[in-house]
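See below for the structure under consideration.
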Amino acid sequence: MKRTLLASLMAATCLTGAASAAEDKLKIGLIYTLSGPAAALGEQGRDGFMLAADQIGQIGGLETEIIVIDDERKPDLAASKARELVERDEVDFVVGPIFSNILIAIHKPVTESGAILISSNAGTSNFAGKDCHPNFFVTSYQNDQNHEVMGAYAEKQGYQNVFLMAPNYQAGLDSLNGFKRSYSGGVAGEVYTELGQLDFSSELSQIAAFQPDALFTFMPGGMGVNLVKQYNQAGLGETPFLSAFTVDETTLPATQDAALGFLGGATWAPDMDNAANEKFVSGYEEKYGHVPGTYAMQAYDAAQLIDSAVRKLDGNLEDKDALRAALKEADFDSPRGDFTFGNNNYPIQDFYLVKAVKRDDGKYATSMVERIFDDYQDNYAAECDMN
């Protein structure tokens, strides 16, 4: 049976003419930010999922229809489109989003419908803990964890005066809380910026005045690009720049040499040495012409997760308990290596220190430095009452 891909950057058009789900058809909705300054993040998520779909052929052995939605980074729009996916299009799975405020908006409409929501990026603390749900799985991390890596690194370096900066939304709050969980030194300043802010002259003036041992920041997408460039322009290059989701494969093509040597926390880097990663990275670069980032890898794994679970059930999705159990097994080879689900359906995995490099082929990427945490589970799992 032929796999049909319905993809559109316009959320209003990608649902047109959708039919009821057939027993022998698997229907998947993707919700990503595909327009505006953060589009590069969502494009990597979409492309990573589509690469896996192409490599698999028919996900779960079934004819597969994939509907792509641009959430435009608008929570109300995302919630509306999520309801359309589960009510009108009767999708079996919804995959995405990038931003935590979008996840919070779509979580209830999807999970309460009986469909399975797989977040390939956002991993807020509430859904890892007291608000965990059996229909919600995460193929990325809990938001705090990559930031905890950098807190542990700052602690190891003996920093005593770190300036903290993040956007004022849930993931930003989680990021600084995560850093402080593994860092016991002093805080030179703690600033929350507007989400989407692109001019950091005021904040950089504060950093220059405080003269901290290091900056720790979380600024994804276009925010990160501008911050890195302005950081160097402000003459702050001698102050260590520590981050997560700020200097990565989505921003390095724009920042280039300005970000070289900057350190970050991650679960993976393109140069990880295993067969699954070689297949993913080489396939992605061949198909799309640039280096994949974590957003792509995590969505690639979301497709692999669905495929593994549906195949275990021979395509029978009627028994939801059996489907959830099959998903929980996570029976696939992840490019990041070891991967299991905890009781809250968030991953238990390794975390690493990575740095920005320029490869021999002239492309920019992150590269492994050292492992910081081994088989690390998030700090909220104990609050989840699922087995």
| note | Given a 1.4 Å probe, the accessible area of the range 220-344 per residue, as a whole number of Å², is 37 Å²
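What chymotrypsin sites (Phe, Trp or Tyr not before Pro) does the range 15-111 have in DSSP loop regions with at most 12 other beta carbons within 10 Å? Display every interim value, and only then the final one.
Details: sites: TYR32, PHE49, PHE93, PHE99; in loops: PHE99.
Listed in order of number, the matching sites amount to none.
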| task | Can you pull the one-decimal nm distance between simple spin-label points at GLU112 and LYS320, each 7 Å off the Cα toward Cβ? | result | 1.3 nm
| task | Check each of the trypsin sites (Lys or Arg not before Pro) in the range 153-240 and keep only those in coil by DSSP with at most 14 other C-beta atoms within 10 angstrom; list them in order. | result | none
| note | The correct ranking of SER202, SER35 by accessible area at 1.4 Å, largest first, is SER202, SER35
| note | From the Cα centre of the range 255-273 to that of the range 92-116, the distance in Å is 29 Å
| query | Size of the dipole of the range 30-102 about the Cα centre, Lys and Arg at +1 and Asp and Glu at -1 on the beta carbon, nothing else charged, in debye to 20? | reply | 280 debye
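How high is the relative contact order of the range 129-213, in percent, with contacts defined as C-alpha pairs under 8 Å that are six or more residues apart? Show your work: numbers first, answer last.
On the way: 100 pairs, mean separation 28.5, N = 85.
So the answer I get is 33 percent.
Take the Cβ-Cβ distance between ARG359 and LYS156 as r, set R0 to 25 Å, and report the resulting FRET efficiency rounded to the nearest 0.05.
Values: r = 27 Å, r/R0 = 1.08.
The pair ARG359/LYS156 has a calculated efficiency of 0.40.
Which entries of LYS108/LYS287; LYS81/LYS229; LYS130/LYS180 show an alpha-carbon separation above 25 angstrom in the structure shown?
Details: LYS108/LYS287 35 Å; LYS81/LYS229 36 Å; LYS130/LYS180 21 Å.
Violating the 25 Å Cα-Cα cut-off are LYS108/LYS287; LYS81/LYS229.
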| remark: One would report the Cα pair-distance distribution of the chain, bin width 10 Å, in %, as 5, 25, 35, 24, 9, 2, 0
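Specify the longest stretch of the chain that does not include any exposed loop site, a site being one of the GluC sites (Glu not before Pro) with a non-H, G, I, E, B DSSP assignment and at most 15 other Cβ atoms within 10 Å. Don't jump to the answer; show the numbers that get you there.
Details: sites that count: GLU23, GLU112, GLU194, GLU238, GLU318.
That would be 24-111.
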| When the label point is put 7 Å from the Cα of TYR288 along its Cα-to-beta-carbon vector, which residues of the range 104-146 have a backbone N closer than 14 Å? | 120-121
| message | Could you put SER113, SER367, SER140 in order of accessible surface area, largest first, with the 1.4 Å probe and the full protein assembly present? | response | SER113, SER367, SER140
| query | Given only helices, namely DSSP H runs of n ≥ 4 each adding -39500 (n - 2.57), what is the per-residue ellipticity at 222 nm of the chain, to the nearest 500 deg cm²/dmol? | reply | -11000 deg cm²/dmol
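The values are calculated or read from the model by the stated rules, or taken from the named source; none is laboratory data. Please read all numbers here as calculations on a predicted model, not as lab measurements. Every residue, glycine among them, receives a Cβ derived from its backbone with ideal geometry; neighbour counts consider all protein chains shown. The accessibility values were calculated without ligands, DNA or RNA, using every heavy atom of the protein model including side chains. Shrake-Rupley method; radii C 1.70, N 1.55, O 1.52, S 1.80 Å.
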